[in-house]
Amino acid sequence: MNERRTGGRARLLLGGACAVLIAVSSVAVATVARADLAGPPGTTLKAAAERSGRYFGAAMGGDRLSDQGFLTIANREFDMMTAVNEMKPDATEPNRGQFDFRAGDAIYNWATQHALRVRGHTLAWHAQQPRFWGSLSGSALRTAMIDHINGVMAHYRGKLYAWDVVNEAFAENGSRRSSNLQSTGNDWIEVAFRTARAADPSVKLCYNDYNIENWTYAKTQGVYTMIRDFKSRGVPIDCVGLQTHFTGGSSLPGNFQTTLSSFAALGVDVALTEADVTNASATQYAGLTQACMNVPRCVGITTWGIRDSDSWRGNESPLLFDRNSNPKAAYTSVLNALNAASTTVPGTSTPPPSTPGSTPPSTPGSTPPSTPGSTPGSTPPSTPPVTGSPGACTATYHLTNSWSGGFQGEVTVANTGPTTIEGWTVQLTLAGGQTIANVWNGINTGTSGTVSVRNAAYNGSLGANASTSFGFLVNGSSSTAPASVSCTSP
């Protein structure tokens, strides 16, 4: 298959997928009031996705940093960003041991300055490799891969939502793709994930691939078997990314939701990472969005670009906005499907985790996922809980993970009163030199000193004796617990 550098993808979906027969009307009418939806429907993709604890993202190249039309839509509609090429191996390590993060940092800086989180893409791939990898093989190439993962992840440690650790490592028949990395030994993917976890204990580690949307397709089954093996042996993997490029006659599979739920049952999150659809079919966009909304551990959707002019498949008009930045009918179908999702995800008491370290909802029969950075048999952190209890709620802090230069914490908010509370706010006083890098399942005001975190749209209502939690990442030279933690409710 032809690989196009501008998008990193050229996809002919050969999964034998049958067209999904999801009636658009079932997801297009989102104006009907429902008791389990909190507040009015979201008027942007990100607002609609956030109502159920999910994200809605896009991909951008460095050339879009000077494209005001792109930036306006990105800032308004999206809350997650993926770099198209700027964080790939050839871009970040042009010469051995010499790393260049300027292009990746430019995208990261714009995104975080506009309150978007960032997915890292990608660390190990058969394509777009550093040029010097071409002269290496065997243990020398394996060492170069490990050094690359360590170098890149050290730079972005504690800053990203997720990394696509390994990209597109399977062939269409379900076997491993023939590549120079595969030639170093069949365990190279496992080594990549173990290296990545040691390099950054806080970030989600994902496997990403295309043509794995159809549950009965050989490639899907090959990836599923690998993930099942990894989870059974404790190989650190947190998520599976399904690229969701639907092209030509290969439409959204009727068993797509089965695929998502089957991966999720292994104890990993699933995400749609590079979605685009020929002619932006409203039916298929609605269907893929609805399938994600129906699976608790489907944490978000990313489109590979924003406007058709941004797409590697631009002549197929595959995205939600046209070349003039106008939303298409597919945009409305996606927005409606997002708004129709329950803010309490079906089958769970809390929304799916959207950030590394959060506790995933359980799936019957699934293997409990490991906490990022944890080691079997390790001693739990000894930091004493910090508790505050003004009003009808209490806030209890505990350390979940730490490393040189930062730590990950969690606060449990409990209703101690006899009646339901509608909303809560927690105040944390951080030590000097500590700054919050990320918060999930809550909305923060401030990043240093005394920081306020209020409930998200989906976890503010707590009945008597009920509790919820939020997590956060802190950059700083120590893991000193907050000096004080307090909770107030209306």
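The values are calculated or read from the model by the stated rules, or taken from the named source; none is laboratory data. The model shown is predicted, which means the values in this text are computed figures rather than measured ones. So basically every Cβ, Gly included, is an ideal-geometry build from the backbone, and we count neighbours across all protein chains shown. The protein model used for the area step is the full one, side chains on, heavy atoms only, and it has no ligands, DNA or RNA in it. Shrake-Rupley method; radii C 1.70, N 1.55, O 1.52, S 1.80 Å.
Restricting attention to region 463-484, which residues are of a type in the set (A, V, I, L, M), open to solvent by 10 Å² or more (accessible area, probe 1.4 Å) and closer than 16 Å to Leu399 by Cβ? First the steps, then the outcome.
Step one: filter region 463-484 for residues of a type in the set (A, V, I, L, M), giving 464, 466, 473-474, 481, 483.
So of that shortlist, the ones also open to solvent by 10 Å² or more (accessible area, probe 1.4 Å) come out as 464, 466, 481, 483.
Selection gives Ala481, Ala483.
When the residues of region 412-438 are filtered to those that are free of Cβ contacts under 8 Å to residues at least 60 places away in the same chain and aliphatic (A, V, I, L, M), which remaining residue is surrounded by the most Cβ atoms within 10 Å (Cβ to Cβ)?
In this case the residue turns out to be Leu428.
Taking the conditions exactly as written (at pLDDT 95 or above, open to solvent by 10 Å² or more (accessible area, probe 1.4 Å) and part of a loop (DSSP other than H, G, I, E, B)), does Asn150 satisfy them or not?
On the way: at pLDDT 95 or above: yes; open to solvent by 10 Å² or more (accessible area, probe 1.4 Å): yes; part of a loop (DSSP other than H, G, I, E, B): no.
Taking the combined requirement at face value, the residue does not satisfy it.
What residue, of Gln243, Gln221, Gln257, is open to solvent by 10 Å² or more (accessible area, probe 1.4 Å) and under 29 Å from Ile306 (Cβ atoms)? Before the answer, list the steps.
Details: Gln243 fails: open to solvent by 10 Å² or more (accessible area, probe 1.4 Å); Gln221 fails: under 29 Å from Ile306 (Cβ atoms).
Step by step, each of Gln243, Gln221, Gln257 is checked, and only Gln257 is open to solvent by 10 Å² or more (accessible area, probe 1.4 Å) and under 29 Å from Ile306 (Cβ atoms).
Of everything in region 45-60 that's open to solvent by 10 Å² or more (accessible area, probe 1.4 Å) and in contact (Cβ under 8 Å) with a residue 40 or more places away in the chain, which residue is farthest from Ser461 (Cα to Cα)?
Going through region 45-60, the residues open to solvent by 10 Å² or more (accessible area, probe 1.4 Å) turn out to be 46-47, 50-51.
Retained after the next criterion (residues that are in contact (Cβ under 8 Å) with a residue 40 or more places away in the chain): 50-51.
Details: Glu50: 16, Arg51: 14 Å.
Residue satisfying both the conditions and the ranking: Glu50.
Could you grab the pairs with beta carbons closer than 6 Å, sequence gap of 6+ or different chains, first residue in region 177-206 and over 17 Å from Asn167 (Cβ atoms), second one among the aromatic types (Phe, Trp, Tyr)?
Pairs that qualify, where the first residue is over 17 Å from Asn167 (Cβ atoms) and the partner is among the aromatic types (Phe, Trp, Tyr), are Pro201/Trp403.
Taking only region 299-318 into account, find how many residues are touching a Pro at 6+ places or on another chain (Cβ under 7 Å) and under 21 Å from Ser52 (Cβ atoms).
1
I'd like to check something: does region 263-270 contain any residue that is touching a residue at least 40 places away in the same chain (Cβ under 8 Å), of a type in the set (A, V, I, L, M), assigned to a helix (DSSP H, G or I) and surrounded by fewer than 24 Cβ atoms within 10 Å (Cβ to Cβ)?
yes
Provide a single number: the residues in region 180-209 that are touching a helix residue (DSSP H, G or I) at 6+ places or on another chain (Cβ under 9 Å) and in a loop (DSSP other than H, G, I, E, B). Steps first, answer last, please.
Residues of region 180-209 touching a helix residue (DSSP H, G or I) at 6+ places or on another chain (Cβ under 9 Å): 180-185, 188-193, 195-196, 198-200, 203, 205, 207, 209.
Subsequent filtering for residues that are in a loop (DSSP other than H, G, I, E, B) retains 180-181, 185, 200, 203.
Of the residues in that region, 5 qualify.
Residues being hydroxyl-bearing (Ser, Thr, Tyr) and in contact with an Asp or Glu (Cβ under 7 Å, 6 or more places away or on another chain): count how many of those fall in region 248-276.
So in region 248-276, the residues hydroxyl-bearing (Ser, Thr, Tyr) come out as 250-251, 258-259, 261-262, 273.
Now drop any that are not in contact with an Asp or Glu (Cβ under 7 Å, 6 or more places away or on another chain), which leaves 259.
Qualifying residue count, region 248-276: 1.
Just the residues that are among the aliphatic types (A, V, I, L, M) and either part of a helix (DSSP H, G or I) or more than 29 Å from Cys239 (Cα to Cα) (or both), please, taken from region 299-330. Don't jump to the end; show me each part of the working.
Start the filter on region 299-330 by keeping residues that are among the aliphatic types (A, V, I, L, M), which leaves 299, 301, 306, 319-320, 329-330.
Passing the criteria: Ala329, Ala330.
Just the residues that are more than 16 Å from Val166 (Cα to Cα), under 15 Å from the mean Cα position of the chain (by Cα) and either of a type in the set (Lys, Arg) or not in a strand (DSSP E or B) (or both), please, taken from region 116-135.
Leu116, Arg117
Of the conditions (1) closer than 17 Å to Tyr210 by Cβ; (2) open to solvent by 10 Å² or more (accessible area, probe 1.4 Å); (3) of a type outside the set (Phe, Trp, Tyr), Ala291 satisfies every one except a single condition; which number is it?
(2)
Filter region 227-240 down to the residues that are free of Cβ contacts under 8 Å to residues at least 40 places away in the same chain and open to solvent by less than 10 Å² (accessible area, probe 1.4 Å) and list them by number.
Of everything in region 227-240, just one residue is free of Cβ contacts under 8 Å to residues at least 40 places away in the same chain and open to solvent by less than 10 Å² (accessible area, probe 1.4 Å), namely Val240.
Which residue, of Ser370, Ser358, Ser374, is in a loop (DSSP other than H, G, I, E, B), open to solvent by less than 40 Å² (accessible area, probe 1.4 Å) and either at pLDDT 50 or above or not acidic (Asp, Glu) (or both)? First the steps, then the outcome.
Details: Ser370 fails: open to solvent by less than 40 Å² (accessible area, probe 1.4 Å); Ser374 fails: open to solvent by less than 40 Å² (accessible area, probe 1.4 Å).
Just a single option satisfies the conditions, and that option is Ser358.
Hey, any hits in region 138-146 for a residue that's in contact (Cβ under 8 Å) with a residue 24 or more places away in the chain, in a loop (DSSP other than H, G, I, E, B) and not β-branched (Val, Ile, Thr)? Show your work before the answer.
Initially, region 138-146 is screened for residues in contact (Cβ under 8 Å) with a residue 24 or more places away in the chain, giving 138-139, 141-142, 144-146.
Cutting the leftovers down to in a loop (DSSP other than H, G, I, E, B) gives us none.
So far as region 138-146 goes, no, none of its residues is in contact (Cβ under 8 Å) with a residue 24 or more places away in the chain, in a loop (DSSP other than H, G, I, E, B) and not β-branched (Val, Ile, Thr).
Just to be sure, is Glu93 acidic (Asp, Glu), within 18 Å of the chain's Cα centre (by Cα) and open to solvent by less than 30 Å² (accessible area, probe 1.4 Å)? I'd like the intermediate steps shown before the answer.
On the way: acidic (Asp, Glu): yes; within 18 Å of the chain's Cα centre (by Cα): no; open to solvent by less than 30 Å² (accessible area, probe 1.4 Å): yes.
Spelling it out, it is not the case that Glu93 is acidic (Asp, Glu), within 18 Å of the chain's Cα centre (by Cα) and open to solvent by less than 30 Å² (accessible area, probe 1.4 Å).
Looking only at region 266-293, which residues are closer than 30 Å to Arg233 by Cβ and touching a Pro at 6+ places or on another chain (Cβ under 8 Å)?
Restricting attention to region 266-293, the residues satisfying the condition of being closer than 30 Å to Arg233 by Cβ are 266-274, 291-292.
Across region 266-293, the qualifying residues are Gly267, Val268, Asp269.
If the requirement is being closer than 28 Å to Ala47 by Cβ and open to solvent by 10 Å² or more (accessible area, probe 1.4 Å), which of these qualifies: His114, His126? Step through it out loud before you land on a result.
Working: His126 fails: closer than 28 Å to Ala47 by Cβ.
Exactly one of His114, His126 is closer than 28 Å to Ala47 by Cβ and open to solvent by 10 Å² or more (accessible area, probe 1.4 Å), namely His114.
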